[in-house]
Every structure is written in C-alpha cells, then in structure tokens.
Amino acid sequence: MTALPRTAARTDRERTMRAAWMIGLGLLLLILPRLIYPVLALDILAWGLFAVAFDLLFGFSGLLSFGHAAFWGGSAYVTAYLLSNGQSVPVAMLGGTLSALALAVPIAYLSVRSAGIYFSMITLAFAQMVYFVALQWTDVTGGENGLQGFERPSLFGLDFSDSVTRYYFCLAVFALGFYIAYRTVRSPFGQAQQAVRDNEQRAQSIGYNPVRFKFTAFLISAGLAGLAGSMYTFGHGVVSLDVTKWTTSGEVVMMTLLGGTTTLFGPAVGAGLVLLLRDRLTTSDLPVGIVTGIVFVAVVLFFRAGVVGTVQGWLRRR
C-alpha cells in the first residue's frame, strides 16, 4: 500500500528536478552573451543542439554514430550556399536542415540494420564520403578554401551584423530544436524507442518493429544535427572543411559523454564545458588537446553518468 505514494512522490521529485534544470538552463542562456563573447555563446548553442541530436540516437536508441559530422557539415554547406545566393536566413536554415534529412535517408536505410561497431563504421564511411565530396566539389563548396563572405539579410528589422542579435535569434532556434528533442523522448514513440534500446528481442516480441524505430530516430537526430549546423554557419558567416571532418563527430561524442547521456540537458552542458575549457586554454601555454583529453578520461573514470547525470543521481539520493 505504501509503494504507490512513494512512487508518486519520486515521480513528482523527478518532474521538479527536470523543471529546475530547464529553468536554470533557460536563465543561463538568456544572460550568456553578457558573461562571455557572443560568438562563443552562439557556438555553445550550436554545439549544444548538435550534442542533444546525437544523444537522441546514442543515449535513447543505443546507436553509436561516428558520422554525424555528415549532417552537421552538409547542412552548414547548404546554408552557406543558399545565403551566398541571396536567400533569407530562415529559408537558408530550413534548406540546410532538409538537406541533412535527405542525406540521412539512404545512410539510415543502410546502417540501422547493423549493430554495434558495424553500425558505427558504416556511418563513419558515409561521413568520409561527404568530406571528400566537399573537398572535391570546389565550384559549390569552395574546396579547401570553404565558403565565406556571404550576406546574412536582415529579418523583421533584426540586424544580423550584430553578434548579440544573432545569438538571441539562434537561442529561439535552439529552444525549438530542444523542444522537438524533449517531446520526442517524452512521447510514446520515445518510450518505445528506449524499450528497443534496452531489449530489442523483447520489444519485437510485443509488436514493435526495431528497424522502423531506429530509422525514425536516426532521421530526427540527423535533422536536429542539420539545424545545429545551419546555426553554426549563420553565426560565423563562414564554413570550412572542418565541419565535415571525422574529428567533428568525435568531438560531439566527447561532449555528450562529458555532460551525461539520456539526460537531454547533459549534452548541452557538456558542449558548453568543452568550448569554455578550450577557450580558456587558447590563452595559456597548455596544450588544448592533452588537457581536454585528461578531463574527458577523468570524467569517464570517475563520473560514469557524466556531469549532469552524476548531479542528478546525487540529488535523487539526497
């Protein structure tokens, strides 16, 4: 008889905790360009949404992709190309997002039927193909020089030449992307998605189609990664080959693990920590890669659930 009240109380506490994380994260993002450089703040938004998109596939579906740079970078190039041809910012960002979705369809179709390291290697192979296309298709991508110098037309009186204005515009886009991810995880689809992750055979025995759920989750993740890539291009006004390199896929994996998988807030926090640490290290004599690697190893060894996951677990025990 006492199990139900305890369960209800625990559910209420978890809801309160999620609400507190949302409010805290929202308030921090509102004042972030007053605390750090607006361009760095916008990078945190873009990488944060990228990490959230990756976590939808890795944390909630159990699929480790080493090729998400294909969607981030592909969308970045399409957004830059549309802007350089006089399209408005919303049209360019929408075009970049849709291009990421279109690119994800064949990749998802061929990869979700595999599992484990085979899935990871297939996604990595496709990402490398996108990288070489960006390198060789110089008429569209600019090759090694990338695309730069394109205009970001004003919208409804918003002057996008101002970095703070660009930040708050991207904050609205980030909120939309985060809401889509949140609703996906909390929907019946998201619950079934996690059931497939935990026990694929059992989920299939009760009527779920694991391949269909993985395919859909892959598309949602790729679309949000594409939206993040378009934000990154819009914020910087330039796009280079770095956005399609395999190291970009590795960085988003590190950010997600650092913040905490299956928390939604964790990947965004992890992205912020990595970018802030990198920014601080660039003004010192310490090697960025080595220090970042040491921090990542320490978190993996001593904070298995990531920063946010560890804090949530501690609060839950309290």
- State yes or no: is residue 81 closer than 19 Å to residue 232 by Cα and surrounded by fewer than 18 Cβ atoms within 10 Å (Cβ to Cβ)? no
- Query: Taking helices (runs of 4 or more DSSP H) that do not extend beyond the range 118-224, which have at least 3 residues that are surrounded by 14 or more Cβ atoms within 10 Å (Cβ to Cβ) and of a type outside the set (Gly, Ala, Ser)?
  - Reply: 163-186, 188-198
- Query: Does the range 2-18 include one or more residues that are open to solvent by less than 70 Å² (accessible area, probe 1.4 Å) and of a type in the set (Val, Ile, Thr)?
  - Reply: yes
- Message: Being hydroxyl-bearing (Ser, Thr, Tyr) and in a helix (DSSP H, G or I) is the filter here; which residues of the range 40-79 pass it?
- Response: 75, 77, 79
- Unique match (being part of a loop (DSSP other than H, G, I, E, B), in contact with a Phe, Trp or Tyr (Cβ under 9 Å, 6 or more places away or on another chain) and either closer than 16 Å to residue 100 by Cα or open to solvent by 60 Å² or more (accessible area, probe 1.4 Å) (or both)) among 248, 262: 262
- Message: When you scan the range 284-307, do you find a residue that is touching a residue at least 40 places away in the same chain (Cβ under 8 Å), within 18 Å of residue 32 (Cβ to Cβ) and either in contact with a strand residue (DSSP E or B) (Cβ under 7 Å, 6 or more places away or on another chain) or crowded, with 16+ Cβ neighbours inside 10 Å (or both), even just one?
- Response: yes
- If you go through the range 115-153, how many residues are among the small types (Gly, Ala, Ser) and either farther than 20 Å from residue 239 by Cα or in contact with a strand residue (DSSP E or B) (Cβ under 7 Å, 6 or more places away or on another chain) (or both)? 5
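The values are calculated or read from the model by the stated rules, or taken from the named source; none is laboratory data. Note that the structure is predicted; figures quoted are calculated from it, not measured. As a convention, Cβ positions derive from the backbone with ideal geometry for all residues, glycine included, and neighbour counts pool all protein chains shown. Side chains included, ligands, DNA and RNA excluded: accessible areas come from the protein's heavy atoms. Shrake-Rupley method; radii C 1.70, N 1.55, O 1.52, S 1.80 Å.
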